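The values are calculated or read from the model by the stated rules, or taken from the named source; none is laboratory data. Keep in mind that what you see is a predicted model, and the values were worked out from it rather than measured. Reconstructed Cβ throughout: ideal geometry from the backbone, glycine too, with neighbour counts over all protein chains shown. SASA here: full protein model, heavy atoms, side chains in, ligands and nucleic acids out. Shrake-Rupley method; radii C 1.70, N 1.55, O 1.52, S 1.80 Å.
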Amino acid sequence: MIVCNFTRIRILKCISAFTCWKRNSFIDHKKSFSIFVNKRNLVNTVLKEPWSVLFFGSDEFALESLKNLYSQYKLQKLLCRLEVVTAYKGKENCLTKYAIENGITIHSWPLEIKNMEFHIGVVVSFGHLIPSLIIDSLPLGMINVHGSLLPRWRGSAPIIHAIKNGDTKTGISIMTIMPKKFDIGSILAQEETTIDLHETQPELYKRLAIMGSKLLIKTMEKLPQVLSSGIRQNEIGVTYAPKIKPEISFIKWNEMNAKNVYDLNRSLTGLFPLKTNFNGQAIKVFDIQVFSDSIYVTRSENIEPGTAFYHNRTDSLVVRCKDNTWVSIKVIGIPGRPKLSAFNFTNGFMGGKKQKFCLFTS
C-alpha cells in the first residue's frame, strides 16, 4: 500500500508539472514566440557569421538572390558555405546551370540530406512546402524572399495578381518559413515600390527579383538577432495569389472594363496572350490599349460589350467593354494562320465595308 501511494504521488506530480508547462507554453505562444523558438534563440546567441547556407529555388526570380549569395560566399565574410536545392527532372533549369558553371553543389528535391551541417535555409520562389524535419534541423531555421507586401498576395503568383488587380504598389517581404502552409511566417523586413501604370509582368518581375536579392543580403547581415524581432502577419488584409491557369486569359467583356482588360494583358505579358471567342472559335488578341475616342464613348451606350469596329485612324479594332469603356486591338491571331493586322482581319473576316462590326464573346 505504501508503494502504491508513493507511485500515485509521483504520477500526480508529473501531471501537475506537465499541466504547468503546457499553460506556460500557451502563454509564451500568445506573446508570439513558441518554446521551440525560444530554444532556437538560445542557439542563436552562440552562432556567428560567416554562415553556412542551403538555398532553395527554381526560377529566374530565385536566381538573382542566388547570385548575390554567391558573391558573398566568394568573399568568405558573410557566407562560408553555399549549396543549392532545386526541383528538376533531368532538365537543366537556370539555377542548375548557374550552379554548375560556378561549382556550387546541387541537391535535387525531395531532399535526402542526412546530418545537415548548415546554419540556415534560404527559400526564394521554390514552390514546395518545406517539412518541419528540414526546418528544425537548421539552427537558424529558414527565411523566404517573397514578391509582395505580405499579407497581401500570399501564394505562388503575387506579381501577376498585383498587376491584374490594378495595384499601384507592391514590394518585397523577407519572412520566416513555417511548415504546412505557404507565406504565413513572421516578417523580418519589407521594402515597398510603386507599380507604374503601364508596367508589365516581366518588367516588374525583374525589378522585384533584384530588390529581393538586395534585401536578402541586408537581412542576413543582421543575423541572428533579426530572427527574434520578426512581426507576426496581420490576418486583416490577407489576399491570395494562386497559380495562374491559361483559362484566366479569356476576356470577359460583360464583366471587365477597359482598364481591367488592359491590366490583365499587362499581368500575362510573356505568359499567355489574351483570348476571346469569335464565330465559335478562340482567337488571340495582341497590342491592347485603353481607347478613349470621345465619339465612340458618347454614341455607344446601347452597344453590346464585345462589339468590335475597325478604327481607320489608328488601324485597330476598337471593342466595347463594361461601363461603356473601350480597348483597341492591333493584331489578331486566328488558329492555323499567321497573325493578322486589324485591317486584314476586317477585310478577311468582317466583310470589309459590307459589315461595320463583329461580336467577340467571352
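The table for this structure:
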read-out	value
Long-range neighbours under 8 Å by Cβ, at least six apart or interchain, first residue more than 30 Å from GLY230 (Cα to Cα) within segment 190-204, second of a type in the set (A, V, I, L, M) and modelled with pLDDT of 95 or more	GLU199/ILE163; THR200/ILE163
Residue identified as in contact (Cβ under 8 Å) with a residue 60 or more places away in the chain, among the hydrophobic types (A, V, I, L, M, F, W, C) and open to solvent by less than 20 Å² (accessible area, probe 1.4 Å) among ALA99, ALA209	ALA209
Segment 105-124 - residue that is part of a loop (DSSP other than H, G, I, E, B) and under 26 Å from ILE172 (Cα atoms) and, of those, least open to solvent (accessible area, probe 1.4 Å)	PHE118
GLY185 assigned to a loop (DSSP other than H, G, I, E, B), open to solvent by less than 60 Å² (accessible area, probe 1.4 Å) and not hydroxyl-bearing (Ser, Thr, Tyr)	yes
Only listed residue being under 15 Å from the mean Cα position of the chain (by Cα) and not basic (Lys, Arg), chosen from ASP183, ASP287, ASP293	ASP183
Yes/no for TYR262 being on the phi < 0 side of the Ramachandran plot, open to solvent by less than 50 Å² (accessible area, probe 1.4 Å) and in contact (Cβ under 8 Å) with a residue 60 or more places away in the chain	yes
Which numbered condition PHE250 misses (of (1) in contact with a strand residue (DSSP E or B) (Cβ under 8 Å, 6 or more places away or on another chain); (2) without any contact (Cβ under 8 Å) to a residue 60 or more places away in the chain)	(2)
Qualifying residue in segment 37-56 (condition: of a type in the set (A, V, I, L, M) and at pLDDT 95 or above)	yes
Where a residue in segment 145-167 is over 21 Å from LEU66 (Cα atoms) and its partner, wherever it lies, is β-branched (Val, Ile, Thr) and assigned to a helix (DSSP H, G or I), with Cβ under 9 Å and at least six apart	TRP153/ILE159; ILE160/ILE248; LYS164/ILE248
Criterion (more than 30 Å from ILE177 (Cα to Cα), open to solvent by less than 40 Å² (accessible area, probe 1.4 Å) and of a type in the set (Lys, Arg)) met by exactly one of ARG313, ARG337, ARG320	ARG320
Residue selected from segment 69-96 under the condition among the polar types (S, T, N, Q) and open to solvent by 50 Å² or more (accessible area, probe 1.4 Å), by the criterion farthest from ASP136 (Cα to Cα)	SER71
Any chance GLU83 is more than 22 Å from the chain's Cα centre (by Cα) and not basic (Lys, Arg)	yes
